[in-house]
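The structure appears right after this line, and notes come after that.
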Amino acid sequence: MLLQQLVNGLTLGSVYALIALGYTMVYGILELINFAHGEIYMLGAYLGIILMVFFTAIGLTSYSLPLSLILTFFLSIIFCASYGFTMEKIAYKPLRKAPRLSPLISAIGVSIFLQNYVMLTQGATDKVFPHLFETSTITFMSVSMTYLQFFIILTSAIVMVFLRLFVRKTKIGKAMRAVAQDKIMASLVGINIDTVISVTFIIGSGLAAIAGLMVAMYYGLVNYYIGYVAGIKAFTAAVLGGIGSIRGAMLGGLLLGLVESLGASYISSEYKDAYAFIILVLILLMKPGGLFGKAELEKV
């Protein structure tokens, strides 16, 4: 029973980790909590359903399901990345020199706008993801894992490894780390701050699209307010790992998924969504910096 819940928790935690990465990357660059990030995840889930229904209608899924999935992931990433890029230019860039509360209010406004936009255009009822995947399981030591769970965990792991390598090894990744440390010095050595910020939003939104699509595949149902709850949980995961830390967001998401799964199994499933908020309060009380957070010294 314990091992089975660990598998379920890793599946859920992998999704939280992908969303949390978007929060922590934006905060690391701008020191801004992008509360509209959950809605980007929701848009990815909706577009995934629309595309898979379309591909099923034209017969592409029956001809080649892997090709349908690749096209769906690719188009969802492009779509959500464009939304993230546009959101940064319209809602956040004009407020960079404004008081810190102004971008936060703008983020909440964008979140509400996107929720209502999807509700009005797609309807308020749940949307169903086409049932295209076999329910066969992989069994090892009395622990069962569906092929879809294996796909979600493996995909999340690959994406997080590539992100880690991107940030550490590429030129733009090094520029992102430089801007996160000191924007003024980064600009003095020729780094384009606007480009780095845009790339950060694009990558974070792409990760949210992947998470949204995998959740739609896993649960089979999507509605216009799933981004709010998932966004709060992913924010909790980012705080748990240490807001601004990429490896902290990865670990925080996995831990949150495990806690939620174990709590639902051994305590009560009725309070499944409350566990994230309990963890958030405890972290803020005992270790505000998170697991990988660092204390910052300021000279007065």
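The values are calculated or read from the model by the stated rules, or taken from the named source; none is laboratory data. Model, not experiment: these values are computed from the prediction. Using ideal geometry, Cβ is built from the backbone for each residue, glycine included, and neighbour counts are taken over all protein chains shown.
The table below gives the values:
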read-out	value
Answer residue from segment 227-250, given it is more than 13 Å from the chain's Cα centre (by Cα) and of a type outside the set (Ser, Thr, Tyr) and is surrounded by the fewest Cβ atoms within 10 Å (Cβ to Cβ) among those	247
Residues satisfying the stated conditions in segment 145-167, i.e. surrounded by fewer than 14 Cβ atoms within 10 Å (Cβ to Cβ) and either on the phi > 0 side of the Ramachandran plot or modelled with pLDDT under 90 (or both)	147
Test: residue in segment 48-60 that is out of contact with any Pro (no Cβ under 7 Å at 6 or more places or on another chain), more than 30 Å from residue 142 (Cβ to Cβ) and not in a helix (DSSP H, G or I)	yes
Residues being closer than 17 Å to residue 45 by Cα and surrounded by 12 or more Cβ atoms within 10 Å (Cβ to Cβ) - total across segment 127-144	6
Number of positions in segment 114-128 that are within 12 Å of residue 226 (Cβ to Cβ) and not in a helix (DSSP H, G or I)	2
Long-range neighbours under 7 Å by Cβ, at least six apart or interchain, first residue free of Cβ contacts under 8 Å to residues at least 24 places away in the same chain within segment 268-283, second in a helix (DSSP H, G or I) and surrounded by 11 or more Cβ atoms within 10 Å (Cβ to Cβ)	272/260; 272/263; 272/264; 275/259; 275/260; 275/263
Counted residues, segment 185-218 - those being free of Cβ contacts under 8 Å to residues at least 60 places away in the same chain and not hydrophobic (A, V, I, L, M, F, W, C)	4
Qualifying residue in segment 102-113 (condition: in contact (Cβ under 8 Å) with a residue 24 or more places away in the chain, in contact with an Asp or Glu (Cβ under 8 Å, 6 or more places away or on another chain) and surrounded by 14 or more Cβ atoms within 10 Å (Cβ to Cβ))	yes
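For every residue, the table says whether it meets (1) charged (D, E, K, R); (2) assigned to a helix (DSSP H, G or I).
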{"residue": "88", "(1), (2)": "yes, yes"}
{"residue": "103", "(1), (2)": "no, yes"}
{"residue": "108", "(1), (2)": "no, yes"}
{"residue": "111", "(1), (2)": "no, yes"}
{"residue": "132", "(1), (2)": "no, no"}
{"residue": "151", "(1), (2)": "no, yes"}
{"residue": "185", "(1), (2)": "no, yes"}
{"residue": "194", "(1), (2)": "yes, yes"}
